[in-house]
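Worksheet for the structure shown next.
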Amino acid sequence: MDAIALTRQLVDIESITGNEAAVGEFLFHELCRLGYQTKKMPVEGDRANVYATSPDELHPSVVFSTHMDTVPPFIRSSEDTTRIFGRGSCDAKGIIAAQVAAAERLRQQGVYVGLLFVVGEERDSLGAQVANEYAANQEAHGCKYLINGEPTENRIALASKGTLRVEITASGKMAHSAYPELGESAIDKLIPALTRLRAMPLPSDPEIGPCTLNIGLIAGGRAPNVIPDYAHADLLYRLISPSTELRRQIIETAGDQVKIEFPLELPFLRLRTVDGLPTMIASFTTDIPKLANWGEPLLIGPGSIHVAHTEGEFIEKRQLVDAIDLYCAIAKQL
């Protein structure tokens, strides 16, 4: 199994979240060709997860998993002597290639693992939710350990920060901008609320690090000469603890001039580790919270999260090769 070639093949199939059908079809046929018992889990429209097991062990106790979708924009693959470039090269198509290569090596040694590749991780973890329901409905499902792949530079994660998405909406009344007293500016309500939230103290943990805030999207207004009747902002907090107190503080700090909604939460998690491996704290969130029925989770993979989602995304070829060895060793130990 040439993991470098497979990575480039996967990168060259555009699979921005919502458009994973083609890459799922490619993986389905590739795994069938390799002799795996492979099935598609329908998720939404033509989007489907891909789950593969060896005919010699249809209910493996260890499953390798990661996601097929990427963030935009699509960037085709390229390579030099040490790196593979392109969208998804490290997040997470190189990881798919390493996991398939590790499963192939293990199978030759009489060790059988499952392969679970899901859609939608970059947006709402919808594929993971469907996979979790699948596992709950399989009486013979025997997965004890889920080795989830994300870019951790081949270090095993001690913990993964959670995610809390916050939507803030302000309403007003349109008027001609020459007569602002006849209107009510929604933007003038939103800006002070965001300013207060930016100044609000957030918790920190000496081991895990700080809870952080990103104001990711702001929209509103009609035209420069119209008093805006609508304004909206999307915020994302990275959680290091349960969110109950943080939610209360957000509502109180934002004030009664805006409406607060919490459309998504993925909790902070402490994770299983393996002796002898370097460790890290994942400041990002994964599909793991939505895959609870797939056994005890571990988090490790090649590539650096610091280049994921960038225009220069890449994966080191050395890390990709080393990850195959790591996945094999961890699966055997488990």
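The values are calculated or read from the model by the stated rules, or taken from the named source; none is laboratory data. If you're wondering where the values come from, they're calculated on a predicted model, not measured in any experiment. Here the Cβ is made from the backbone with ideal geometry for all residues, glycine too, and neighbour counts use every protein chain on show. For accessibility, only protein heavy atoms count, side chains too; no ligands or nucleic acids. Shrake-Rupley method; radii C 1.70, N 1.55, O 1.52, S 1.80 Å.
Table: residues versus (1) within 29 Å of Leu239 (Cα to Cα); (2) open to solvent by 50 Å² or more (accessible area, probe 1.4 Å); (3) touching a residue at least 60 places away in the same chain (Cβ under 8 Å); (4) out of contact with any Lys or Arg (no Cβ under 9 Å at 6 or more places or on another chain).
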| residue | (1), (2), (3), (4) |
| --- | --- |
| Lys290 | yes, yes, yes, yes |
| Gly301 | yes, no, yes, yes |
| Arg318 | no, yes, yes, yes |
| Ile324 | no, no, yes, no |
| Cys328 | no, no, yes, no |
| Lys332 | no, yes, yes, yes |
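State whether one or more residues within region 166-184 are under 21 Å from the mean Cα position of the chain (by Cα) and at pLDDT 95 or above.
Among the residues of region 166-184, at least one is under 21 Å from the mean Cα position of the chain (by Cα) and at pLDDT 95 or above, which makes the answer yes.
Which of the residues that make up region 61-83 are surrounded by 24 or more Cβ atoms within 10 Å (Cβ to Cβ) and part of a loop (DSSP other than H, G, I, E, B)?
Hits for region 61-83 are Met68, Asp69.
Go through region 84-133 residue by residue and tally those that are in contact with a Lys or Arg (Cβ under 7 Å, 6 or more places away or on another chain), modelled with pLDDT of 95 or more and surrounded by 20 or more Cβ atoms within 10 Å (Cβ to Cβ).
Result for region 84-133: 4.
Taking the condition of being among the β-branched types (Val, Ile, Thr), open to solvent by less than 70 Å² (accessible area, probe 1.4 Å) and part of a strand (DSSP E or B), how many residues in region 208-256 meet it?
Selection size over region 208-256: 3.
Working only within region 126-174, note down all residues that are in contact (Cβ under 8 Å) with a residue 60 or more places away in the chain, over 29 Å from Leu58 (Cα atoms) and of a type in the set (Gly, Ala, Ser).
Across region 126-174, the qualifying residues are Ala159, Ser160, Gly162, Ala170, Ser171.
In region 178-206, which residues are open to solvent by 50 Å² or more (accessible area, probe 1.4 Å) and among the small types (Gly, Ala, Ser)?
Answer for region 178-206, where residues must be open to solvent by 50 Å² or more (accessible area, probe 1.4 Å) and among the small types (Gly, Ala, Ser): Ala178, Ala199, Ser204.
Which members of region 12-42 meet the condition of being within 22 Å of Ile84 (Cβ to Cβ) and either in contact with a His (Cβ under 9 Å, 6 or more places away or on another chain) or not in a helix (DSSP H, G or I) (or both)?
Correct list: Asp12, Ile13, Glu14, Ser15, Ile16, Thr17, Asn19, Glu20, Leu34.
As an exercise: evaluate Ala52 against (1) part of a loop (DSSP other than H, G, I, E, B); (2) farther than 30 Å from Thr81 by Cβ and give the number of the one condition it does not meet.
Single failed check for Ala52: (1).
Just name the residue that is nearest to Ile281 (Cα to Cα) out of those in region 202-260 that are among the hydroxyl-bearing types (Ser, Thr, Tyr) and touching a helix residue (DSSP H, G or I) at 6+ places or on another chain (Cβ under 7 Å). Please lay out each step first, then the result.
Pass one, region 202-260, residues among the hydroxyl-bearing types (Ser, Thr, Tyr): 204, 212, 230, 237, 241, 243-244, 253.
Now drop any that are not touching a helix residue (DSSP H, G or I) at 6+ places or on another chain (Cβ under 7 Å), which leaves 230, 237, 253.
Numbers: Tyr230: 39, Tyr237: 16, Thr253: 29 Å.
It comes out as Tyr237.
What is the one condition in (1) in contact (Cβ under 8 Å) with a residue 40 or more places away in the chain; (2) buried (at least 18 other Cβ atoms within 10 Å of the Cβ); (3) within 24 Å of Ala323 (Cβ to Cβ) that Glu57 does not satisfy?
Of the numbered conditions (1) in contact (Cβ under 8 Å) with a residue 40 or more places away in the chain; (2) buried (at least 18 other Cβ atoms within 10 Å of the Cβ); (3) within 24 Å of Ala323 (Cβ to Cβ), the odd one out for Glu57 is (2).
So, Gly295, is that one in contact with a Phe, Trp or Tyr (Cβ under 7 Å, 6 or more places away or on another chain), of a type outside the set (A, V, I, L, M, F, W, C) and either surrounded by 15 or more Cβ atoms within 10 Å (Cβ to Cβ) or at pLDDT below 95 (or both) or not?
Values: in contact with a Phe, Trp or Tyr (Cβ under 7 Å, 6 or more places away or on another chain): yes; of a type outside the set (A, V, I, L, M, F, W, C): yes; either surrounded by 15 or more Cβ atoms within 10 Å (Cβ to Cβ) or at pLDDT below 95 (or both): yes.
When the stated conditions are applied, Gly295 passes them.
Being in a loop (DSSP other than H, G, I, E, B) and out of contact with any Phe, Trp or Tyr (no Cβ under 7 Å at 6 or more places or on another chain) is the filter here; which residues of region 84-106 pass it?
Gly86, Gly88 - these are the residues of region 84-106 that are in a loop (DSSP other than H, G, I, E, B) and out of contact with any Phe, Trp or Tyr (no Cβ under 7 Å at 6 or more places or on another chain).
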